[in-house]
Structures are given as C-alpha cells and as structure tokens.
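Right, one structure below, let's go through it.
The values are calculated or read from the model by the stated rules, or taken from the named source; none is laboratory data. No experiment lies behind these values; they were computed from the predicted model shown. Note that we place each Cβ from the backbone using ideal geometry, even for glycine, and neighbour counts take in every protein chain shown.
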Amino acid sequence: MNLTLHLTNRCNLKCTYCFVPHGFETMTREVAFAAAKFAIENTPKTGEIQPPSGLLFYGGEPLLERTLIHDVVAHTQEIKERTGHPFIYKITTNGTLLDEEFLKFCETVNLMVGLSYDGIAQDDCRKFHNGKGSAEVMRDKIPLLLKYQPYAIGLTVLDASTAHRAYDIVKWMYEHGFRYITVGMNYDRNAPWTPKHLDVLASEYRKMGRLYAEWMKNEEKVYLSSFDMKILSHLKGEKYNSDRRVTAQNQLSVAPNGKLYAASGHVGDVEMSIGDVFTGIDTEKHQYLMQKGSELLDVCKQCAIRMRCNYAYDSIRRVDGEVVMDIAPLQCAHEQLITPIADKVAEKLYEKRNALFLHKHYNELYPVMSLVEDGGYIT
C-alpha cells in the first residue's frame, strides 16, 4: 500500500492553478504514525517477499513540516529494523525551502524528490503570497537538488497563460539538468482556456515531439510524460487503464486529520472519504466510488481513444450532492490533441528502428537495465 500523506494544507506559495484549499491544518505525529501502521497492514506479502510500503509527503508545502517528515522516517526505519518491513519515501515540493541539510538527509534514507517547477514560466504562476515570483529564490536550489539527485523529477503545469511557452519550458528543464519531466495541465473549470490556446498548445507539442525524437536519435535517456505515457497507452491497449486503476487503488491519500481518500483531488470533501487510518477502509464506500468511476460516459463509449484516455475512468466528483462521472471538456480536448501527435512521433521512430526507442518501449528489462546504468538510483 502506498499513501500520499497530506502533511498540511499550508503553503508559502500561492500558485494560480493550485487545487488544494489552503488553510492551517497540520498532520499530527499520531495520525502520521497511524498511517504508517495502516500502510503496513494493507501491504500484502507476495509469497515470502514483503513489498515495501510507500509514503509520499505532500501538501500544501510539505517542507513546512520538516520535523514531522524526520519523525515519520525515523519511526518507519525503526519498524524496518524491528520487523524487516521496508518503506520507500518520496516528496513533492515547490523547492523554495530545499537546502543542503535536507538533501543530505534524503540521500541517507533514499527519499526521492519531485520538484514542482515551471522552468522559464516559473514567475507566471508560482508566486509568493505577496505576489512576488519565486524564480529568483529557486536559482540556486535546482543545481543543488540535481547535485544530490541527478534523476529528480521535474513536475511542470501548463496554464492557459503559459501554453505558448510549453516547448521552451520543457527545453529549459532539460538544459538545466532534468531527465524526468512530467507535464501536467491546469484543468480547473474556471481556467480561461480557449480553442485558440489549444491550437497554440498543439503547435508546442509538435515542437516538443521533434525534441523528443532528437533525444532518441542522440540516445539521451529522457522521460517526458506527454509522449512516453501516450506511447505506453498504445502498447498496453486495453490494459493501460486497467493497470492505472489498480495502481490508483493502491495509492490512497491521507488528509491531515487522518481521513482516507481515493484521490488527492478529493481530500477535504468529507462525503468522498473512504475511512480513516485508525479504523481502516470503508470497503462498501470504496467499492461504490470505484464502481461509479467505471461508468463510462456515453461520449466516451463512442471515442476511438477511450482505452488510452487518462480521464475516461475515475473522473468522479460530487455534483449537487451526487457522485457522478464528470470529465471536463478541456480534459477531453487535450487527450484528442496530444494522442495523434505522440503517435506520429512514435511511428517515425519505429519506422527508423531507432535503437533507444525500441529498447525503451519494447524491452521489458529496460527499467532494470536503466537502473543499473544509472548507478542503482531508484525511480
């Protein structure tokens, strides 16, 4: 069982597209330790092998609760020494509070860092509460992070206001050392996306696709979610979303008060809670939400890429007190935009029998071999 621990909903930034309702809630040690116990109890053995329980420190800004992170890691390390049950640790942070002391700690306990950062568009959306951009503060943080974690994940979000810079953002991330780049979208229903923005984004993705192909040609091992995930969806076919759903069911979110949720976006909506870390999962409620998430919308049933769509399943929310499947039009438009662009890039690489492309996407041993080549760094 993997848990996303929402340590706090406080944050030192006020990003324009953040979906977390900011407040002053903070997780206690009691809740965090109960969450670790819950994770252990819900991580079944595979024969004689005990898979690790995963803990992702999340917020708000989790580094505002640095002491709690240290306490949780120390507590779970003690459990490992006593029982042999392993843990893996990750954190998603805006990076403004990163320092060498924390990164040395991460190195000691193998805590992997995901950095929420928008490259050259950092100051457009990721601002402090006083309205000042955060790019200057981050100037020295990025080389420091990559010094300790060369394969740290860069997590960028595209907004309507930054869509025209998507290619330059990704190129900037690459040129500054990131080799794992995840590109997300601001899907908020009030975000001012227009058809013109999507036309611009399509042009940016085509440029990004040429960059991805160039990386493959030069045997540069770079992960770019926009293309790698769509290529994976083609190769997996019907298994793509079924595998993603299984992964999601084993990655629950824990609110600061200990309540459990099936997804981070539901945290705080008590009606969407599926239990808590003290009493366990409300199985009936969890299964009900899973069932609602499997009810394809009529428009999705007719869609040619429904099995490859990241939103066809489990896009549930409460509308007028009722849980319904509710895919935002922007989500649908984005999937129809990016899929053929990624497919075209993949087709050309396949036709040219590009060695890295074939190795990366058609060799089941690639993740293990890549891990060894990268010096054993776990991704």
So in the stretch 29-65, with the set limited to residues that are among the hydroxyl-bearing types (S, T, Y) and either farther than 18 Å from I281 by Cα or surrounded by fewer than 23 Cβ atoms within 10 Å (Cβ to Cβ) (or both), which one is farthest from the chain's Cα centre (by Cα)?
T46
L5 out of contact with any Ser or Thr (no Cβ under 7 Å at 6 or more places or on another chain), modelled with pLDDT of 95 or more and closer than 30 Å to T162 by Cβ
yes
Output yes when any residue across the stretch 72-89 is within 25 Å of L144 (Cβ to Cβ), among the charged types (D, E, K, R) and free of Cβ contacts under 8 Å to residues at least 60 places away in the same chain, and no when none is.
no
Kindly list the number of the only condition in (1) loosely packed, with under 15 Cβ neighbours inside 10 Å; (2) farther than 26 Å from K259 by Cα that fails for N354.
(1)
Hand me the list of helices (runs of 4 or more DSSP H) wholly inside the stretch 127-214 holding 1 or more residues that are of a type in the set (K, R) and buried (at least 20 other Cβ atoms within 10 Å of the Cβ).
141-148
List, please: which pairs have Cβ atoms under 8 Å, are six or more places apart or on different chains, and start with a residue in the stretch 241-260 that is touching a residue at least 24 places away in the same chain (Cβ under 8 Å) and end with one that is among the basic types (K, R) and not in a loop (DSSP other than H, G, I, E, B)?
N241/R308
Among (1) surrounded by 16 or more Cβ atoms within 10 Å (Cβ to Cβ); (2) modelled with pLDDT under 95, where does E238 come up short?
(1)
Return the residues of the stretch 288-345 that are assigned to a helix (DSSP H, G or I), in contact (Cβ under 8 Å) with a residue 40 or more places away in the chain and of a type in the set (A, V, I, L, M, F, W, C); say none if nothing qualifies.
M290, M307, L330, A333, L337, I338, I341, A342, V345
Count - residues of the stretch 80-116 that are of a type in the set (S, T, Y) and either over 17 Å from T156 (Cβ atoms) or modelled with pLDDT under 95 (or both):
3
